[in-house]
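Here is the structure we will look at.
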């Protein structure tokens, strides 16, 4: 027993001078081989996820590499049995239950002691001691192995933790390299800045955008590239993120780069940790060309719409000043001829009277057509009187009762604004006449401090809102025209409809730029 205690004392003294866990395992192996006079010793590590034991350390095994490559299932063979039960196992060749695992068959082992390695009340592996000759292990030797197994358990756990840390560091390194590669190669514009706006880093797309190099960027502040009229929004975004609301912010940002070029970005900004301190990460797309195309499209639509209205006005005036006057002259001439010609027979007189009535009907249709094209009241009195007149016209022609509600202080709008809003209301009411199958409808116009809201509603047949996209694409219900006209005023249209319950078309227009300058 004295020899065994001396051996353990020697082990603890030698391990105390070593800081690495693998060194503690190596010393333990040397002591087992020398003091117990065995041929081989091995430690198998248990992987909980797979339920397998794999060779972690070994000394004296002839086929160590082969054993390494052949994992042992928990519950199978000597090591697998101990890993499952947590109890030591003493095995000798010739016993019925004696069974070596996989590659250990070739080791010609005749006696073995398998000790469980336990840490934090959990089996983490096994310690296997092998002899190639027949022999028995004494109680003192078993005592030494139990103490060493307890100590080696700590070493194995530390090695496992160290391996996991290495794996995590390697994984983080790979992720960092991947992120760096994405950071550099992505077409998105990415840059990092501190809380004061000083540039910390930027990818190649950012450098290309601002027109500088990385060495110069470290001395730059992002606010130097943001024009004065955009500074307030940029600073507000950062203040809101710093306050914790919201977690990220998407917005348009204008940049004036080193060459003086104006660039419009769609930016998403996040607050994050950068090198141990807080800062902002920005991911942006250059939408300058897209915005220019949109502005050009809106410009063309605006001019096309204006040209259409000017042509409507010209035709309306032509019908009123020329066609209608010509019809009046013809009508008066026919009436004068009828009154002055007493020699006409009755049938001829009746024919001419019918002609006069037909001319009157045509004249009425021309006047109506002229008013529909461009009601003069729209230019003379404004939007509200024009809507009132149009509602009366629809009521007299179609027999529909349309109520008008006006809230807020009435204002006189710019001519193109009056025309655009009137056309939207006109188209919405036409849809009521054509499709709603009702005798009542409501128009509501509300003037607020910062917007105008117009709604046209009915309690008619309605339609499935899922079809709105299809109707827009197909050009049905005049929705596309209303939508485009609203966009010209930087507004939007909302359509609410339920089958059998009716439809509401709501137009919301911001007030900025709508008022007529006097």
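Quick look at the numbers
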| read-out | value |
| --- | --- |
| Yes/no for residue 43 being farther than 19 Å from residue 153 by Cα, crowded, with 22+ Cβ neighbours inside 10 Å, touching a residue at least 60 places away in the same chain (Cβ under 8 Å) and in contact with a strand residue (DSSP E or B) (Cβ under 6 Å, 6 or more places away or on another chain) | no |
| Single residue of the stretch 351-397 satisfying the filter (surrounded by 14 or more Cβ atoms within 10 Å (Cβ to Cβ), within 30 Å of residue 336 (Cα to Cα) and free of Cβ contacts under 8 Å to residues at least 24 places away in the same chain) that is nearest to the chain's Cα centre (by Cα) | 355 |
| Tally, over the stretch 443-456, of residues that are in contact with a strand residue (DSSP E or B) (Cβ under 8 Å, 6 or more places away or on another chain) and either over 18 Å from residue 482 (Cα atoms) or not assigned by TED's automatic domain parsing to the domain that holds residue 402 (or both) | 3 |
| Residue check, residue 339 without any contact (Cβ under 8 Å) to a residue 40 or more places away in the chain, surrounded by 11 or more Cβ atoms within 10 Å (Cβ to Cβ) and in the same structural domain as residue 367 (by TED's automatic domain parsing) | no |
| Residue check, residue 429 assigned to a helix (DSSP H, G or I) and closer than 20 Å to residue 316 by Cα | no |
| Per-region count, the stretch 73-97, residues out of contact with any helix residue (DSSP H, G or I) (no Cβ under 8 Å at 6 or more places or on another chain), part of a loop (DSSP other than H, G, I, E, B) and over 20 Å from residue 63 (Cα atoms) | 6 |
| Exclusive hit being out of contact with any helix residue (DSSP H, G or I) (no Cβ under 7 Å at 6 or more places or on another chain) and either surrounded by 23 or more Cβ atoms within 10 Å (Cβ to Cβ) or over 18 Å from residue 35 (Cα atoms) (or both), set 107, 146, 139, 101 | 107 |
| The stretch 114-148, residues that are part of a helix (DSSP H, G or I) and in contact (Cβ under 8 Å) with a residue 40 or more places away in the chain | 140, 141, 142, 143, 144, 145, 146, 147, 148 |
| The listed residue being modelled with pLDDT of 85 or more and touching a strand residue (DSSP E or B) at 6+ places or on another chain (Cβ under 6 Å), out of 406, 359, 387 | 406 |
| Residue within the stretch 336-348 that is at pLDDT below 85 and under 25 Å from residue 486 (Cβ atoms) present | no |
| Every pair of residues 6+ apart whose Cβ atoms lie under 8 Å, when the first sits in the stretch 200-217 and is surrounded by 13 or more Cβ atoms within 10 Å (Cβ to Cβ) while the second is part of a helix (DSSP H, G or I) and at pLDDT 85 or above | 202/210; 214/207; 217/207; 217/210 |
| Given (1) modelled with pLDDT under 85; (2) within 27 Å of the chain's Cα centre (by Cα); (3) closer than 22 Å to residue 187 by Cβ, index of the condition residue 245 fails | (3) |
| First in the stretch 81-109 and within 15 Å of residue 125 (Cα to Cα) and in the same structural domain as residue 126 (by TED's automatic domain parsing), second anywhere and exposed (fewer than 15 other Cβ atoms within 10 Å of the Cβ) and modelled with pLDDT of 85 or more, Cβ under 7 Å, 6 or more apart | 81/75; 84/75 |
| Unique residue being more than 24 Å from the chain's Cα centre (by Cα), modelled with pLDDT of 85 or more and more than 29 Å from residue 180 (Cβ to Cβ) when the list is 221, 208, 198, 229 | 229 |
| Candidates 189, 118, 124, filtered to the one that is modelled with pLDDT of 85 or more, more than 30 Å from residue 224 (Cβ to Cβ) and under 46 Å from the mean Cα position of the chain (by Cα) | 124 |
| Lone unmet requirement of (1) at pLDDT 60 or above; (2) in a helix (DSSP H, G or I); (3) surrounded by fewer than 18 Cβ atoms within 10 Å (Cβ to Cβ) for residue 37 | (2) |
| Subset of the stretch 248-271 [farther than 15 Å from residue 225 by Cα, in contact with a helix residue (DSSP H, G or I) (Cβ under 8 Å, 6 or more places away or on another chain) and either at pLDDT below 85 or surrounded by 16 or more Cβ atoms within 10 Å (Cβ to Cβ) (or both)] | 248, 249, 269, 271 |
| Number of the exception - residue 344 against (1) surrounded by 12 or more Cβ atoms within 10 Å (Cβ to Cβ); (2) in a helix (DSSP H, G or I) | (2) |
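Here is a yes/no grid of residues against (1) farther than 22 Å from residue 510 by Cβ; (2) modelled with pLDDT of 90 or more:
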| residue | (1), (2) |
| --- | --- |
| 422 | no, no |
| 443 | no, yes |
| 449 | no, no |
| 456 | no, yes |
| 461 | yes, no |
| 465 | yes, no |
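Here's the yes/no breakdown for (1) closer than 15 Å to residue 25 by Cα; (2) at pLDDT 75 or above; (3) assigned by TED's automatic domain parsing to the domain that holds residue 210:
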| site | (1), (2), (3) |
| --- | --- |
| 151 | yes, yes, no |
| 157 | yes, yes, no |
| 173 | no, yes, no |
| 176 | no, no, no |
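The values are calculated or read from the model by the stated rules, or taken from the named source; none is laboratory data. Here the structure is a predicted model, which is why all the values come from computation and not from measurement. Note that each Cβ is placed from the backbone with ideal geometry, even for glycine, and that neighbours are counted across all protein chains shown.
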